[in-house]
Amino acid sequence: VGLHNHGFWRPKPLLDTAGFTLSFNSQHRKNHQDSQALWKHEAVQKYLETLSKEYQQVSHQLSADSLNDFEQRTLRRRCADLSPIAAAFQEIKEAEREVQELEAMCTELDSRDEKQLLELALEEKESLDKKMNMLCRKLFQLLVPKEKYDRSPVILEVTAGRTTGGDICQQFTKEMFEMYQNYADYKRWTFDIVNYAPAEIGGLHHAAAHISGENVYRHLKYEGGTHRVQRIPETGMSSRMQRIHTGTMSVIVLPQPEEVDVKVDPKDLRIDTFRARGAGGQHVNKTDSAVRIVHLPTGLAVECQQERSQQMNKDIALRTLRAKLYQQVLEKQLSQEQSARKLQLGTRAQSERIRTYNFTQDRVTDHRISYDARNIKEILSGKEALDKLINKLLEFAEIEAVTQYLENLQALEGGG
């Protein structure tokens, strides 16, 4: 960051996370469990002080009469970028001073044994701590650039895994699909079932849904992966013997931008129609309204039986196919840019389990952030408990992005 030879400000981007690996395997996990802990890091303070000073200098430069129109526009844009960060920085500094004053007062009150006043002061400190964490989270959200598709609707697919012991995977897959359906309702999103293939014994083999609303991909992008269940089946020999079975199901989350520029040659498609099956109303099994489209060059296949109209199902299936083809293009680009980089979670990380649902211990564990949540029923209800878990993942991703950026910055400074 610095001035041009003629005094004109040379803007630099804020956090550039294009080369980051949000692998959730950072060694900094133990050091930076939350936003407030990262705030206290010396490199963070130094970086924010730099941005704050830059904001003051840019603001001062804007008052100069000698600027031409281009220089004014450039400075105004930079000022607009820096203004909320500088404001949040000062707000946290002020809250931090209040915490320090309260801590000093608590020490004095403790020595005088003034219990009632001490209790009030401790309550105020707890409230300030929550405020600090909220402000720090807000600050890091400002620093970390939004992903291109965070606001996009998604195609969410669930598929049952295989296990010895029958229906445990299919039943769990059904519960998971209903969890995401309830979560969409909780977030006031639209949840349209595109495909639904039930199992004979009440579970679910495979299902897909189109979910639209505010920041859908942002909240669901880290749900993609293998989810494991550990439970005692409710029926059969295993239930009588109290044997714990382990099963898996997979989730795929595909962003679906409004305009997906993927050309599909009709000659490359094989379109089959068949009778709808499973949940769907009176038209089920009466008309050939369901559509399956196979993209011959890649072998990708999609199905849709959501609507009564064959044409509408065909349109939805084509849209889903384009989203999948587009996802392949994105992954190929990532692979070419950084072959050694693991794909960011939320795309196609199906090989490793990301979360375990242990019914016998009533515990859900997210292995990427070593986070345990109790009360599986609350999680599977798809409401506040699941939202809390998803927000933990988002916060961790933001913290890791800031941490890695500062590491890169320090390495560059050390090398230079």
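The values are calculated or read from the model by the stated rules, or taken from the named source; none is laboratory data. Keep in mind the model is a prediction, meaning the values are calculated, not measured. Neighbour counts run over all protein chains shown; Cβ positions are idealised from the backbone, glycine included. The accessibility values were calculated without ligands, DNA or RNA, using every heavy atom of the protein model including side chains. Shrake-Rupley method; radii C 1.70, N 1.55, O 1.52, S 1.80 Å.
Within segment 93-104, is there a residue that is of a type outside the set (Asp, Glu), touching a residue at least 40 places away in the same chain (Cβ under 8 Å) and over 22 Å from HIS219 (Cβ atoms)? Yes: one or more hits. Considering ASP16, ASP34, ASP69, ASP65, the condition of being surrounded by fewer than 16 Cβ atoms within 10 Å (Cβ to Cβ) and modelled with pLDDT under 55 is satisfied by ASP16 alone.
Across segment 184-193, a minimum of one residue is classified as of a type in the set (Ser, Thr, Tyr), open to solvent by 40 Å² or more (accessible area, probe 1.4 Å) and within 14 Å of GLN256 (Cβ to Cβ).
SER152 meets each of the listed conditions (1) among the small types (Gly, Ala, Ser); (2) closer than 14 Å to GLU98 by Cα; (3) touching a residue at least 40 places away in the same chain (Cβ under 8 Å) apart from (2). If you check ILE201, ILE211 for being in contact with a Pro (Cβ under 9 Å, 6 or more places away or on another chain) and not assigned by the TED database to the domain that holds LEU300, only one passes: ILE211. Tell me, which residue of segment 103-155 that is touching a helix residue (DSSP H, G or I) at 6+ places or on another chain (Cβ under 6 Å) and within 30 Å of THR173 (Cβ to Cβ) is surrounded by the fewest Cβ atoms within 10 Å (Cβ to Cβ)? Looking at residues that are touching a helix residue (DSSP H, G or I) at 6+ places or on another chain (Cβ under 6 Å) and within 30 Å of THR173 (Cβ to Cβ), I get ASP150.
Here PHE177 clears all of (1) part of a helix (DSSP H, G or I); (2) open to solvent by 10 Å² or more (accessible area, probe 1.4 Å); (3) among the aromatic types (Phe, Trp, Tyr) except the condition numbered (2).
Tallying residues that are touching a strand residue (DSSP E or B) at 6+ places or on another chain (Cβ under 6 Å) and either open to solvent by less than 20 Å² (accessible area, probe 1.4 Å) or modelled with pLDDT of 95 or more (or both) within segment 194-211 yields 9.
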